[in-house]
1. If packing is taken as the average number of other Cβ atoms within 10 Å across a peptide's residues, how do 171-178, 136-143, 8-15 rank, most packed first?
2. Say the cut-off is 23 Å between C-alpha atoms; which of Lys89/Lys121; Lys49/Lys161; Lys161/Lys185; Lys97/Lys121; Lys97/Lys185; Lys130/Lys157 go over it?
3. Using 0.36 nm times the number of residues separating Gln99 and Thr8, minus their current alpha carbon distance, what extension gain do you get?
4. Using R₀ = 22 Å, calculate the FRET efficiency as 1/(1 + (r/R₀)^6) where r is the Cβ-Cβ separation of Leu59 and Thr108; round to 0.05.
5. By how many nm would the segment from Asp88 to Lys157 grow when fully extended, if each residue of separation counts as 0.36 nm and the alpha-carbon distance is taken off?
6. May I ask for the angle, rounded to the nearest 10°, between helix 2-26 and the longest principal axis of the chain, with both axes built from Cα atoms and the value confined to 0 to 90°?
7. List the aspartates and glutamates whose alpha-carbon lies under 13 Å from that of Lys55, not counting same-chain residues fewer than 8 positions away?
8. For the chain, place one equal point scatterer on every Cα, skip the solvent, and apply the Debye formula. What is log10 of I(q)/I(0) at q = 0.15, 0.18 Å⁻¹?
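Please treat every number below as a calculation from the coordinates, not as lab data. Note that the structure is predicted; figures quoted are calculated from it, not measured. Using ideal geometry, Cβ is built from the backbone for each residue, glycine included, and neighbour counts are taken over all protein chains shown.
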Amino acid sequence: MRRRYIVTILTALGVVGYLALDDKQTAPDNASVIDAINQEPDYIIKGVKAQHYDKNGVLGRKIEAESAEHLPISDTTKLIQPSVILRDKQNPIWSVKSQNGLLLGTQTLELNGDVQVLPMKGSQTELSLKTEHISIDLDKQIADTSENVLIESPDTKIHSKGMNMNMITQQVQFTSQVRGQHDPKTK
């Protein structure tokens, strides 16, 4: 009878030892678990409608999107079908739309896929812009791209490879391969 107890106890210790050894081999390490958690969004929003006000309480921009996912580790927000209204003081001046975007903190907006920059009704400009990628400094309202750009107004078309644009003063610097067409009789 004593032998049975000893054999049972030794068997139990062997099973416990094996399970403890097996757990150490199959358990994920803490670093990979933390990395996986950090790559997950801390919030996901469907039907986004956000407004940003400056320090004086003046509405600066409105952002709408089909959805948004915020990644806390990099403080970036992935946007699907974003639409942004940029303002100069109280006046809306630009509507910017694309297939997707990435908001880096609260300052930089990277837009990709069929980007369209259109003047708002009542704006002092008639020019529109189309490209595949654009980066906008939201505080300074400076737009920049190295992609092909088409800028159109009723009497002008300009094609360029890359540009930098002050969206408030509407001053544009073209980078390279600039081609233009202007018809003064169009108006």
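1. 136-143, 171-178, 8-15
2. Lys49/Lys161; Lys161/Lys185; Lys97/Lys185
3. The Gln99-Thr8 span can extend by a further 26.1 nm.
4. The computed FRET efficiency comes out at 0.65.
5. 22.3 nm
6. Approximately 10 degrees, to the nearest ten.
7. Counting by Cα, and skipping residues close in sequence, Lys55 has these aspartates and glutamates nearby: Asp139.
8. -0.93, -1.19
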